[in-house]
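J.: The structure follows.
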Amino acid sequence: MEKIVSESCVKKFKQWQAAWALLSGHAAGLPEASAWLPAAGLTAGLALWLAATILLHLFPASAAGLLSAVLLPAWLWWLTAGRGLRGVIDVVERGQAGKPGAQSRYAPYWNILALQGLVLLKAGAVGWLVGAGHPLWLTLPPVLSAAAFADYLTGSNAPGQSDSGASHWLSAAVMALLLGHLCGSVIAAGLALLLAWLLIPFVSGWLKGRKGSLDTSSRYVMLEVVEVATLLIGVLFLAG
């Protein structure tokens, strides 16, 4: 019996390890690991929460919020090999390299402004959440963005290779509602979960119209969009 339990634990750990390698950019698409991506995202989220909690113990709330705004997004990009940020930068660069006359002469500036705005929104939301005493909410964005990433992976596999269907969303939903309860706003967590799920076809359609097709960088854009949206929902609901 103990051997069976031990083997089961080892197997689950290897699945989580494969999912973490996939999320952190150290492995290619592994269908069997996609169901464990929300758990890997939770690991990254807990790392952010721990770092924010340490900063709150070392510095006043305002200083901790300012430091978190600068350090924590950079740390998350480092943990995930900067995939989300690289995806957004790739979309911006391709937009600037579009055919002459296909866009206005101001389009490159708007593209750069959008990139800067996304980064500032993320940093500002992280700083506010930490400074206002809600660092636990930082665990949720990586969970939902990992579920969105898993959705792209399972959707891009050949027929019969997808292992889990919607199991990554089921595990993400359980984690999101539990974290929402711990944060004091299950409604906010449920709304963030619903928005993350709805953003996938919306952003996919926008990228197809912009790039003509979906590629690897398109999946990475979803990581960043979902994380920023989830952070903003936390700010809106927890501000009261």
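J.: Of all residues in region 102-137, count the ones that are part of a helix (DSSP H, G or I), open to solvent by 60 Å² or more (accessible area, probe 1.4 Å), in contact with a helix residue (DSSP H, G or I) (Cβ under 8 Å, 6 or more places away or on another chain) and modelled with pLDDT under 75.
T.: Residues that pass the stated criteria total 2.
J.: Give the residue, chosen from LYS99, LYS3, that is open to solvent by 80 Å² or more (accessible area, probe 1.4 Å), assigned to a loop (DSSP other than H, G, I, E, B), modelled with pLDDT under 70 and not hydroxyl-bearing (Ser, Thr, Tyr).
T.: Selected residue: LYS99, the only one of LYS99, LYS3 that is open to solvent by 80 Å² or more (accessible area, probe 1.4 Å), assigned to a loop (DSSP other than H, G, I, E, B), modelled with pLDDT under 70 and not hydroxyl-bearing (Ser, Thr, Tyr).
J.: Scan TRP49, TRP20 and give me the residue that is at pLDDT 70 or above and either outside any helix (DSSP H, G or I) or among the aromatic types (Phe, Trp, Tyr) (or both).
T.: Among TRP49, TRP20, only TRP49 is at pLDDT 70 or above and either outside any helix (DSSP H, G or I) or among the aromatic types (Phe, Trp, Tyr) (or both).
The values are calculated or read from the model by the stated rules, or taken from the named source; none is laboratory data. Keep in mind that what you see is a predicted model, and the values were worked out from it rather than measured. As a convention, Cβ positions derive from the backbone with ideal geometry for all residues, glycine included, and neighbour counts pool all protein chains shown. For the accessible areas, the whole protein counts, side chains as well, though only heavy atoms, and no ligand, DNA or RNA atoms are used. Shrake-Rupley method; radii C 1.70, N 1.55, O 1.52, S 1.80 Å.
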